[in-house]
Amino acid sequence: MTPRCQSVAANFLMGAGILPLALYIAWVAAFLITTVPGQPPRVPIIDPIGMVGLGMVVYFGSFIAAGLGIVWSWLLARAYPERRTLRALVLPVIVILVLVLPFVFP
């Protein structure tokens, strides 16, 4: 596999790893925005304990998949200096920030 194909695969892995976390955050945000006290929620949601468990599973899966993509991208940038483009350097930083964000705002 060429370094370019490996870089594309690592970037895809990072994006695919973050997608479930982004969908979970959007679902919870939609629930919180559309909920009116005294009325049934407009966005279906499971019980709060189930949502916490689902959030932990989604975050753990995102951490594994996106983390593997970050490590792969870093190893590629280290092995092939000519592949160090701005996108190849910025995307892992954005993914790291998204993964660290839940710990910054508990």
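Every number in this text was worked out from the coordinates using simple rules, so none of it is lab data. Values in this document were obtained by computation on a predicted structure and should not be read as measured data. As a convention, Cβ positions derive from the backbone with ideal geometry for all residues, glycine included, and neighbour counts pool all protein chains shown.
Between the residues 38, 88, 98, the greatest Cα displacement towards the positive end of the dipole of the chain, with unit charges on the Cβ of Lys, Arg, Asp and Glu, is found for 88.
Estimated purely from DSSP H runs of n ≥ 4, each contributing -39500 (n - 2.57), the mean residue ellipticity at 222 nm for the chain is -28000 deg cm²/dmol once divided by its residues. Using a Gaussian network model of the chain in which every pair of alpha carbons under 10 angstrom is joined by a spring, one finds that among 64, 33, 18 the greatest mean-square fluctuation is at 33. Evaluated with a Cβ-only charge set (Lys, Arg +1; Asp, Glu -1), the chain carries a dipole of roughly 380 debye about its Cα centre, given to the nearest 20.
Across all directions, the shadow cast by the convex hull of the stretch 51-106 built on its C-alpha atoms averages 4.2 square nanometres.
If you bin all the Cα-Cα distances of the chain at 5 Å, starting from zero, the percentages per bin are 2, 12, 19, 18, 14, 11, 9, 6, 5, 3, 1, 0.
Can you compute the FRET efficiency between residue 75 and residue 36 using 1/(1 + (r/R0)^6), with r the Cβ-Cβ distance and R0 = 35 Å? Round to the nearest 0.05. Mind dumping the intermediate values first?
Numbers: r = 50 Å, r/R0 = 1.42.
The formula returns an efficiency of 0.10 here.
Computed packing ranks the peptides 19-27, 82-90 as 19-27, 82-90, most packed first, by mean other Cβ atoms within 10 Å.
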